[in-house]
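One structure below.
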Amino acid sequence: MTNQPVDLDQERVKLRQLVGDFKEEGWEKAWELNVLPWDKLGAPQPPLRTLLESDQQDWPRNGRALVPGCGRGYDAVFIATTLGLDTLAVDISPTAVKAAN
């Protein structure tokens, strides 16, 4: 079996449809069907990485951070390790929480 490149635009359309059709349960459906365009990198989101690693902002180095809709937790781990913040990651999808653990 060969790995086909993922069309992220098509994934986003599928995701919007799932959330539109199933409301809150749409996020769980997305995880069940592996319609996870944000998760395909297997790493923190590039804009977050760029922003936190830049000198554009003097980010706090202690305190807490909240990452709602954390998915597998890539962004939360990045925030915690980069800034040293006590980071709480939460998600509406039980499958996402399980994946993050």
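Among the residues of the stretch 33-43, is there at least one that is within 28 Å of Gly20 (Cβ to Cβ), modelled with pLDDT under 95 and among the basic types (Lys, Arg)?
The answer is yes; a qualifying residue exists.
Just the residues that are of a type in the set (Gly, Ala, Ser), in contact with a strand residue (DSSP E or B) (Cβ under 6 Å, 6 or more places away or on another chain) and within 17 Å of Ala30 (Cβ to Cβ), please, taken from the stretch 59-88. Steps first, answer last, please.
Here is the first cut: in the stretch 59-88, the ones of a type in the set (Gly, Ala, Ser) are 63, 65, 69, 71, 73, 76, 80, 84.
Right, trim to in contact with a strand residue (DSSP E or B) (Cβ under 6 Å, 6 or more places away or on another chain) and you get 65, 73, 76, 80.
If the condition is that a residue be of a type in the set (Gly, Ala, Ser), in contact with a strand residue (DSSP E or B) (Cβ under 6 Å, 6 or more places away or on another chain) and within 17 Å of Ala30 (Cβ to Cβ), then Gly73 is the only one that fits.
Can you say whether Pro44 is in contact with a Phe, Trp or Tyr (Cβ under 8 Å, 6 or more places away or on another chain), of a type outside the set (Phe, Trp, Tyr) and assigned to a loop (DSSP other than H, G, I, E, B), as far as the supplied structure shows?
Working: in contact with a Phe, Trp or Tyr (Cβ under 8 Å, 6 or more places away or on another chain): yes; of a type outside the set (Phe, Trp, Tyr): yes; assigned to a loop (DSSP other than H, G, I, E, B): yes.
Considered against the rule, which asks whether it is in contact with a Phe, Trp or Tyr (Cβ under 8 Å, 6 or more places away or on another chain), of a type outside the set (Phe, Trp, Tyr) and assigned to a loop (DSSP other than H, G, I, E, B), Pro44 comes out as yes.
Return yes or no: is Leu52 touching a strand residue (DSSP E or B) at 6+ places or on another chain (Cβ under 9 Å), surrounded by 12 or more Cβ atoms within 10 Å (Cβ to Cβ) and not charged (D, E, K, R)?
For Leu52, the condition - touching a strand residue (DSSP E or B) at 6+ places or on another chain (Cβ under 9 Å), surrounded by 12 or more Cβ atoms within 10 Å (Cβ to Cβ) and not charged (D, E, K, R) - is not met.
For a quick check of your reading of the model, give me the residue pairs whose first member lies in the stretch 7-18 and is without any contact (Cβ under 8 Å) to a residue 60 or more places away in the chain, whose second is open to solvent by less than 90 Å² (accessible area, probe 1.4 Å) and among the basic types (Lys, Arg), with beta-carbon atoms closer than 9 Å and at least 6 apart or on different chains.
Leu8/Lys40; Glu11/Lys40; Leu18/Lys29
Provide a single number: the residues in the stretch 50-88 that are farther than 24 Å from Asn34 by Cα and either in contact (Cβ under 8 Å) with a residue 60 or more places away in the chain or assigned to a helix (DSSP H, G or I) (or both).
Within the stretch 50-88, residues that are farther than 24 Å from Asn34 by Cα and either in contact (Cβ under 8 Å) with a residue 60 or more places away in the chain or assigned to a helix (DSSP H, G or I) (or both) number 9.
The values are calculated or read from the model by the stated rules, or taken from the named source; none is laboratory data. Because the structure is a prediction, the values reported are computed rather than measured. Glycine gets a Cβ as well: all are built from the backbone with ideal geometry, and neighbour counts include every protein chain shown. What goes into the accessible areas is simple: the full protein's heavy atoms, side chains included, and nothing from ligands, DNA or RNA. Shrake-Rupley method; radii C 1.70, N 1.55, O 1.52, S 1.80 Å.
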